[in-house]
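J.: Take a look at the following structure, please.
The values are calculated or read from the model by the stated rules, or taken from the named source; none is laboratory data. Only a predicted model underlies this, so the values are computations on that prediction, with no experimental measurement involved. Cβ coordinates were reconstructed from backbone atoms using ideal geometry, including for glycine residues, and neighbour counts include every protein chain displayed.
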Amino acid sequence: MNTAPAIRSIGQRLTLYLTLIKARQIALLLITGFAGYVSSRPGVLSWETIAGLLGSLALCISGSTVLNMVFDRDIDARMSRTARRPLPAGKINDEEAMILGLTLSSAGLIWAFSLSILYGLVVFAGLFTDVIVYTLWLKRRTAWSIIWGGISGGMPILAGRVLGTGTIDYIGILLAVSILLWIPTHILTFSLTAGHHDDYRRAGIPTFPQVYGRSRTRIVIALSCIGAASSIALGCFALGLEGGYIRLLSVLTAGIIGLAVFSIYRPSDRVDFGLFRYASLYMLGSMLMLVLGTLK
């Protein structure tokens with residue numbers, strides 16, 4: 001247990017809270033949740049429903065992220081890139097962070113269940129998978145924990161579609177799988193770099209490069225990119241997007257598949273990060289096309 005010095009300014013405390021919740025990560029997941037909702041073609045967009053969707057997701061994602069920070073504070077203290085985070089640095093005490101995480105998560109779940117029971121269950125499944133299954137159970141035990149991290153990351157887009165359709169359908173599952181497979185490209189790419197590799201080793205966190213080697217890790221990254229691109233492409237095709245969107249998505253998909261294959265045969269750190277950046281832009285572009293294509 002750590003004790004944090006008194007923070008005189010409310011602004012300072014809010015700044016530390018924003019660091020705990022990882023605002024950029026939340027924004028990316030909210031984009032996928034909104035895209036999932038719009039994919040249901042709700043007809044008239046209800047701003048009350050959109051506010052409920054984004055608000056409940058933001059609260060739950062923020063809460064789960066804070067709880068992850070609490071449970072991983074000993075790991076963060078041993079890693080150079082995370083040692084300055086508020087908890088390991090002693091800027092916020094553990095009890096305060098735990099209360100914050102539980103409050104945000106509880107408020108988000110109450111809001112989610114008030115919108116729809118099924119939607120609330122999907123949101124709860126994402127929170128439970130992230131905090132309990134991924135962080136508390138598997139992260140310190142197996143490199144395959146990233147799959148469960150990916151599952152939790154895929155829940156916002158599935159939740160958004162569930163809120164719009166009232167059911168879990170194959171399109172929602174395809175969209176969730178695309179996010180599930182995209183997330184490991186981020187984690188695995190960074191685990192290949194020397195600094196991150198050493199950090200994970202010091203913290204005792206098993207990673208794919210440690211367990212299976214760099215070559216196999218690159219193959220997993222390439223296959224994940226191809227799988228993510230294929231899933232989102234199939235989902236957009238099943239939604240019946242207009243020909244222009246499908247053609248553009250096909251070109252982008254061909255590009256990511258080509259770069260993924262190239263990364264296997266001509267591996268290098270530069271190619272690894274090139275694939276990572278392309279995959280990130282591809283996913284954001286796909287979400288944009290999904291929104292624009294289904295709003296027409």
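J.: Specify the residue that is surrounded by the fewest Cβ atoms within 10 Å (Cβ to Cβ); the eligible residues are those in region 230-277 that are assigned to a helix (DSSP H, G or I) and among the charged types (D, E, K, R). Explain how you work it out, then say what you get.
T.: Residues of region 230-277 assigned to a helix (DSSP H, G or I): 230-238, 243-265, 269-277.
Right, trim to among the charged types (D, E, K, R) and you get 247, 269-270, 272, 277.
Numbers: 247: 11, 269: 11, 270: 9, 272: 22, 277: 12.
Within region 230-277, the match that is surrounded by the fewest Cβ atoms within 10 Å (Cβ to Cβ) is 270.
J.: Okay, moving on. Consider only pairs whose beta carbons are under 8 Å apart and that are at least six residues apart or on different chains; among these, list those whose first residue lies in region 261-280 and is farther than 23 Å from residue 233 by Cβ and whose second residue is at pLDDT 90 or above and polar (S, T, N, Q).
T.: So the pair list comes out as 267/215.
J.: Quick one: in region 55-72, which of the residues that are in contact with a Leu (Cβ under 9 Å, 6 or more places away or on another chain) and without any contact (Cβ under 8 Å) to a residue 60 or more places away in the chain is farthest from residue 30 (Cα to Cα)?
T.: The extreme case among them is 70.
J.: Name the residue, out of 129, 193, 207, that is in the same structural domain as residue 78 (by TED's automatic domain parsing) and either within 13 Å of the chain's Cα centre (by Cα) or at pLDDT below 95 (or both).
T.: Within the list 129, 193, 207, the selection yields 129.
J.: Output the residues belonging to region 16-71 that are assigned to a loop (DSSP other than H, G, I, E, B) and either in contact with a His (Cβ under 8 Å, 6 or more places away or on another chain) or among the small types (Gly, Ala, Ser) (or both).
T.: 39, 40, 43, 46 - these are the residues of region 16-71 that are assigned to a loop (DSSP other than H, G, I, E, B) and either in contact with a His (Cβ under 8 Å, 6 or more places away or on another chain) or among the small types (Gly, Ala, Ser) (or both).
J.: For region 152-180, give me each residue that is touching a residue at least 24 places away in the same chain (Cβ under 8 Å) and surrounded by fewer than 24 Cβ atoms within 10 Å (Cβ to Cβ).
T.: Of everything in region 152-180, those that are touching a residue at least 24 places away in the same chain (Cβ under 8 Å) and surrounded by fewer than 24 Cβ atoms within 10 Å (Cβ to Cβ) turn out to be 164, 165, 166, 167, 168, 170, 171, 174, 177.
J.: Additional query: Answer with yes or no whether residue 261 is of a type in the set (Val, Ile, Thr) and under 14 Å from residue 226 (Cβ atoms).
T.: When the stated conditions are applied, residue 261 passes them.
J.: Check residue 64 against each of (1) modelled with pLDDT under 95; (2) in contact with a helix residue (DSSP H, G or I) (Cβ under 6 Å, 6 or more places away or on another chain); (3) not aromatic (Phe, Trp, Tyr) and name the one condition it does not meet.
T.: Every listed condition holds for residue 64 apart from (1).
J.: Pull up region 125-149, narrow it to residues that are without any contact (Cβ under 8 Å) to a residue 60 or more places away in the chain and farther than 16 Å from residue 187 by Cα, then point me to the one that is surrounded by the most Cβ atoms within 10 Å (Cβ to Cβ).
T.: By that ranking, first place goes to 129.
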